[in-house]
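The values are calculated or read from the model by the stated rules, or taken from the named source; none is laboratory data. Fair warning: this is a prediction, and the values are worked out from it, not measured in the lab. As a convention, Cβ positions derive from the backbone with ideal geometry for all residues, glycine included, and neighbour counts pool all protein chains shown.
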Amino acid sequence: MDMSQYLEVFIEESKEHLQSCSEQLLLLEKNPEDVSIVNNIFRSAHTLKGMSATMGYEDLANLTHKMENVLDNIRNGNTSVSTELLDVVFQAVDALEAMVSSIEQGGSGQRDVTEIVGMLHRIETGEDPALRTEAEVSASAAAEAEEDTGQYTYDDFELTVLKQSKEQGYNCYEVTVSVRNDCLLKAVRVFMVFEILEKCGEIIKSNPSVELLEEEQFDNKFTVSLISKDSAEDIKNKVLKVSEIESVVCKSIQFSREETQNEVPGGKEEPEEQAQAVEIKPKAAENEKKQGNTKKTASSKTIRVNIERLDVLMNLFEELVIDRGRLEQISRDLNNQELNETVERMTRISSDLQNIILNMRMVPVDTVFNRFPKMVRQLARDLNKKINLEIIGAETELDRTVIDEIGDPLVHLLRNALDHGIETPEVRRGNGKEEEGHVTLKAYHSGNHVFIEIQDDGAGMNAEKLIRKAISKGILTEQAGASLSPKQAYELIFASGFSTAEQISDISGRGVGLDVVRNTIESLGGAVSIDSVEGSGSIFSIQLPLTLSIISVMLVHISEEKYAIPISSIIETAIVKRSEILQAHNQKVIDFRGKVVPLVFLKDIFDVPGEEEESEYFSLVIVRKGSKMAGLVVDQFIGQQEVVLKPLGSYLNSVFAISGATILGDGQVALIVDCNALIK
């Protein structure tokens, strides 16, 4: 049976369990006496160990087993939680993440974790493992592996594999093999047995582990869980052909009480006996039962879908939306009642389908944010700083394609805030601040965009110092530097090769990183800006498109051209008299519900050709970006429509205030206005 079919599930579930471990370890550091947190970490580690062993990733399973032993000591009260202990466990989780990443990229998942295993062992035993010989350590591990002498138990992942195999017509066995006491080369006999069993089917797990069996670190008996099409009798007869095998027991793994095969010792026929059926229980469920948790686990109602399939589905639906717009246009032109009703119904159904497809692609930014607390904790320790990270709006959703790309830019910006922004405790005390620096990572919706802000209460930036540094590095001329505003000076840190660090470190100071941040964000159709107050801190604001595909827009006329304004940015439309327009600071404004709102004449912004008309009234589209508003002046409203947002291409990616284009029902192209770029 091909285990590769489970690889994708294994990788995804491993990531989830490791992320859960990281989050719970951070909670444990703040609440070291809370045993329930330790139990949660233990369950995740336990399941991961079983999954890894089932898939044949022994390095993963062995490291997780060592981590599991330490956690078991903590929850049993034999070991107390300390910062040093958590540092080691965090290192183990990091190593496990690296192994899973290796497997995801097609590697073997192998990694040298000798040092981490040694530290875990020291914590587990309270002694230096160097005092014990390798044989003693192996024998101890073998003894641990032999502790489970009762019913075999399987974790959730192994249970899933067994059940699915059973449903596909395979037989599931536990084959217990005993070798003779006088056997001289036990490892060779084990190898020969495994070779036979692998020809019979697929080995799921062994007890003791394969590594211990190869080192002959077991008594005279071992058990192998096997999936096969062969009968139990055939399997036993094949194994018994290996010399120096004392006996073979082949028990059927049953999901209900049934008769199973009996033991045939020494190859001699014995009277058939009724063997006890093996009861399968998920190990996680057993742990919950021991802890008095009687809550039943609900069956999963989710499936995993490859993102590439969703991309294909989205592309097909985009074409459907364009054709839908064309049908609506034809329906209006022909004015046929039956056609109108059919098109209206198709529009409603396709709108519902559209919402479903878009929601399928939306992912909370929490999937990116959740890895940062552990990173900030480690960096703070490396920098000898005290830093508190606050995350706000982690439930904010973004298109999956955007989510996949923003992780690295956010890592760079956070490292920059920790290294350059937040001062050391001594400096903060001298400046009258609290010793602990505060970094806020915030996400929120604004119109058709999501904004992610990274704010710190650190030293802030000095515009003059940035300009001098840029001039000294040849990035800027003296003349150009003299004309820069503070806001423009802050933007210099995005220049390639620019750095204000006095010393180069592993964290920053090499002049790489922030230029990549800007390039990545702009490639996604987004933008990044900076604001700073020297002595008080800095704020980096990233603007990202909510989705890269289908949006609702208000179509408007500007002279003879059609433009699309995203509905998500619009507060309302209005018509105002020319006499109601006021002048303030060389800017035309209106009084909109007690607020002064500046006017933006799109005809001038986009340099649309056409004769100026002296009209008594102006048509306005009131838009907003956060708390700021603007009134976009247009010639005529056309109406609301669903459109497919298409990029302008690499040659036109820098066009001001245009986020893309769309094809309308009549075949015309309408440019989509980026309202956020128009609001300063």
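Odds and ends about this structure:
- Residue, nearest to E395 (Cα to Cα), within the stretch 351-365, restricted to residues that are crowded, with 17+ Cβ neighbours inside 10 Å and of a type outside the set (V, I, T): R361
- When I558, I565 are checked against the criterion of being closer than 27 Å to L327 by Cβ and touching a Cys at 6+ places or on another chain (Cβ under 9 Å), I565 stands alone in meeting it.
- Selection from the stretch 211-237 of residues that are farther than 18 Å from G169 by Cβ, surrounded by 22 or more Cβ atoms within 10 Å (Cβ to Cβ) and polar (S, T, N, Q): Q217
- Unique residue being surrounded by fewer than 20 Cβ atoms within 10 Å (Cβ to Cβ), of a type in the set (D, E, K, R) and within 30 Å of E319 (Cβ to Cβ) when the list is E561, E572, E611, E534: E561
- Residue within the stretch 388-401 that is buried (at least 17 other Cβ atoms within 10 Å of the Cβ) and under 24 Å from F498 (Cβ atoms) present: no
- Restricting the search to strands (runs of 3 or more DSSP E) fully inside the stretch 554-598 and requiring at least 1 residues that are at negative phi and of a type in the set (V, I, T) gives 561-566, 570-577, 587-592.
- Hits in the stretch 584-630 (condition: among the β-branched types (V, I, T), touching a helix residue (DSSP H, G or I) at 6+ places or on another chain (Cβ under 8 Å) and closer than 26 Å to V450 by Cα): V600, I605, V623
- In the stretch 101-115, the residues that are free of Cβ contacts under 8 Å to residues at least 60 places away in the same chain reach residues that are in a loop (DSSP other than H, G, I, E, B) and among the charged types (D, E, K, R) with C-beta atoms within less than 8 angstrom, at least six apart or across chains, in these pairs: S102/R111.
- Criterion: more than 18 Å from the chain's Cα centre (by Cα) and outside the structural domain of S538 (by TED's automatic domain parsing) - qualifying residue of R348, R381, R415: R348
- In the stretch 332-345, the residues that are within 44 Å of the chain's Cα centre (by Cα) and surrounded by 14 or more Cβ atoms within 10 Å (Cβ to Cβ): V343
- Single residue of A482, A470 found to be buried (at least 18 other Cβ atoms within 10 Å of the Cβ) and either farther than 25 Å from M375 by Cα or not small (G, A, S) (or both): A470
- Residues in the stretch 51-107 that are aliphatic (A, V, I, L, M), part of a helix (DSSP H, G or I) and over 27 Å from L226 (Cβ atoms): 13 in all.
- Residue in the stretch 202-210 that is among the acidic types (D, E), out of contact with any helix residue (DSSP H, G or I) (no Cβ under 7 Å at 6 or more places or on another chain), outside any loop (DSSP other than H, G, I, E, B) and surrounded by fewer than 20 Cβ atoms within 10 Å (Cβ to Cβ) present: no
Yes/no per residue for (1) of a type in the set (K, R); (2) within 18 Å of V179 (Cβ to Cβ); (3) in contact with a Leu (Cβ under 7 Å, 6 or more places away or on another chain):
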| residue | (1), (2), (3) |
| --- | --- |
| D219 | no, yes, no |
| S231 | no, no, no |
| K238 | yes, yes, no |
| E246 | no, yes, no |
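- Candidates are the residues of the stretch 356-385 that are in a loop (DSSP other than H, G, I, E, B) and of a type in the set (A, V, I, L, M, F, W, C); the one that is farthest from I422 (Cα to Cα) is V365.
- Flag if V100 is at pLDDT 90 or above, surrounded by 17 or more Cβ atoms within 10 Å (Cβ to Cβ) and more than 25 Å from V9 (Cα to Cα): no
- Where a residue in the stretch 23-36 is in a helix (DSSP H, G or I) and its partner, wherever it lies, is loosely packed, with under 14 Cβ neighbours inside 10 Å, with Cβ under 8 Å and at least six apart: E29/T83
- Single match in S532, S523, S499, S508 (criterion: in the same structural domain as V411 (by TED's automatic domain parsing) and modelled with pLDDT of 85 or more): S532
- Pairs, first free of Cβ contacts under 8 Å to residues at least 24 places away in the same chain in the stretch 591-610, second among the charged types (D, E, K, R), C-beta under 9 Å, six or more apart: D591/E580
- Single condition E423 does not satisfy, out of (1) buried (at least 17 other Cβ atoms within 10 Å of the Cβ); (2) among the acidic types (D, E); (3) within 19 Å of E23 (Cα to Cα): (3)
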